[in-house]
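*Asks:* Just passing along the structure, written as structure tokens.
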Amino acid sequence: MTECEICGAKIRGHPHYIQIGASKLRVCEACARYGTAVTEPERRKSSFSSISTMGARRRDMYQMDIAIEEPVMDDYGRKVKEAREKAGLRQEELARMINEKHSLLRKIENETITPTEEVRMKIERVLRPYL
């Protein structure tokens, strides 16, 4: 069985395919109402053998790992939280200002996740005077 790409529940029966913005998702029946129904995505047929395709995928994975990002300072989440509070902003307000989800900002401040360089730049652009 596959999992719903929105709620994570096991999909019983046939999955529904929906589009939300530019994203096409495989979802359960309950989550299908959140997007516009689309037909099942076509699987691309490769002229290469499956072995060469696997090699290409593996090579692509290694190339993605090569991307170099600036290291995040220790206790980055705590510093973001302190700067946000100095600015007099709630998490929801800052999240709206940087066009990210509130839950992402909460996880960054709790140091559950490390933000990407793009998200760090957006946070620092808004909170620069307070960092």
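*Asks:* Stokes-Einstein diffusion coefficient for the range 76-130 at 20 °C in a medium of 1.002 mPa s, Rh from the Kirkwood formula over Cα pairs: what value in µm²/s?
*Replies:* Values: Rh = 10.7 Å.
Translational diffusion coefficient: 200 µm²/s.
*Asks:* Oh, and also: Given points 7 Å out from each Cα along the Cα-Cβ axis, report the L131 to N99 separation in nanometres with one decimal.
*Replies:* It works out to 1.9 nm between the two label points.
*Asks:* Moving on to the next point. Can you give me the distance in nm between label points at T39 and E118, each placed 7 Å from the Cα along the Cα-to-Cβ direction?
*Replies:* That separation, rounded to one decimal, is 3.0 nm.
*Asks:* If you don't mind, another one. Can you give the FRET efficiency to the nearest 0.05 for T2 and A22, using r as the Cβ-Cβ distance and R₀ = 22 Å?
*Replies:* Numbers: r = 21 Å, r/R0 = 0.97.
The value I calculate is 0.55.
Every read-out reported here was derived from the displayed coordinates using simple, explicitly stated rules and does not represent laboratory data. Here the structure is a predicted model, which is why all the values come from computation and not from measurement. Ideal geometry is used to build each Cβ from the backbone, glycine not excepted, and the neighbour counts take in all protein chains shown.
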